[in-house]
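Trainee: Handing you this structure, nothing more for now.
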Amino acid sequence: MKLSIRATLISLIVLVAVGAAVNQFTGSAFFGSQIARGGQKSVTLVIDFGPNSGRPTVVKKIDLMPADTTGWGVFAKAGISIQGTDEYPTGFVCRIDGWPTVAMQNCESTPLSTQGHWAYFVTNTKFGAGWLLSGQGAAMHKPDCGSFEGWRWVSPADDSSSQPRVAPALKSCH
């Protein structure tokens with residue numbers, strides 16, 4: 001019996017070592033996000049300021065982003081300023097790159113629908129080609145490698161389901 005337990009333990013150790021070697025070689029994880037290179041991923045950020053803002057839509061692909069980066073962290077990696085509300089500093093996006101202006105919203109509390117708000121959309125190869133309204137806040141969402149993070153300013157006159165006007169061009173990270 002001792003030989004059987006010893007052989008089983010040695011087999012398990014060899015299996016774990018082979019799995020670790022394969023993981024290191026391919027640069028991919030067994031669970032969670034697809035990993036591009038050495039624990040890093042690529043995500044595209046789309047910021048649509050809305051048709052009445054007079055501002056162009058921003059599209060930025062961010063490469064070599066750490067795998068544990070959240071949707072909120074994507075802004076920092078892209079070099080784009082973001083401001084939460086005083087009430088929810090990292091839980092509710094009030095202002096992106098200076099929009100809306102301070103005169104439009106003071107960001108003390110969650111804005112009313114009559115003031116407008118940012119809508120958060122996500123997509124990746126698992127979800128398909130179109131945008132989906134995120135079921136998580138940006139501070140909790142960890143985008144997969146190759147995914148798109150979309151933000152759309154929804155003015156009081158807009159439909160609250162207005163998606164970013166840039167269609168995501170999804171690609172796998174393999």
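Trainee: Here are Ala119, Ala78: which of them is in contact with a Leu (Cβ under 6 Å, 6 or more places away or on another chain) and hydrophobic (A, V, I, L, M, F, W, C)?
Mentor: Sole residue among the options that is in contact with a Leu (Cβ under 6 Å, 6 or more places away or on another chain) and hydrophobic (A, V, I, L, M, F, W, C): Ala78.
Trainee: Just give me the residues in segment 122-140 being within 23 Å of Gln40 (Cβ to Cβ) and not in a loop (DSSP other than H, G, I, E, B), in sequence order.
Mentor: Scanning segment 122-140 gives Val122, Thr123.
Trainee: For segment 125-139, give me each residue that is in contact with a helix residue (DSSP H, G or I) (Cβ under 9 Å, 6 or more places away or on another chain) and loosely packed, with under 13 Cβ neighbours inside 10 Å.
Mentor: Selection gives Gln136 alone.
Trainee: Next up: Look through Ser113, Ser81 and report the one residue that is over 23 Å from Ala167 (Cβ atoms) and touching a residue at least 24 places away in the same chain (Cβ under 8 Å).
Mentor: Just one listed residue meets the conditions, Ser113.
Trainee: From the list Pro111, Pro143, Pro164, which one is crowded, with 17+ Cβ neighbours inside 10 Å, in the same structural domain as Val59 (by TED's automatic domain parsing), in contact with an Asp or Glu (Cβ under 9 Å, 6 or more places away or on another chain) and part of a loop (DSSP other than H, G, I, E, B)?
Mentor: Result: Pro143 is the single residue among Pro111, Pro143, Pro164 that is crowded, with 17+ Cβ neighbours inside 10 Å, in the same structural domain as Val59 (by TED's automatic domain parsing), in contact with an Asp or Glu (Cβ under 9 Å, 6 or more places away or on another chain) and part of a loop (DSSP other than H, G, I, E, B).
Trainee: Could you identify the single residue in Gln136, Gln163, Gln105, Gln83 that is within 16 Å of the chain's Cα centre (by Cα) and closer than 26 Å to Gly54 by Cα?
Mentor: Only one candidate passes the filter, namely Gln163.
Trainee: Looking at the structure I just gave you, is Ser81 out of contact with any Pro (no Cβ under 8 Å at 6 or more places or on another chain) and under 16 Å from Val46 (Cβ atoms)?
Mentor: It is false that Ser81 is out of contact with any Pro (no Cβ under 8 Å at 6 or more places or on another chain) and under 16 Å from Val46 (Cβ atoms).
The values are calculated or read from the model by the stated rules, or taken from the named source; none is laboratory data. Since the model is a prediction, treat every value here as computed from it, not as a measurement. Neighbour counts are summed over all protein chains in view; Cβ atoms, including those assigned to glycine, are modelled from backbone coordinates with ideal geometry.
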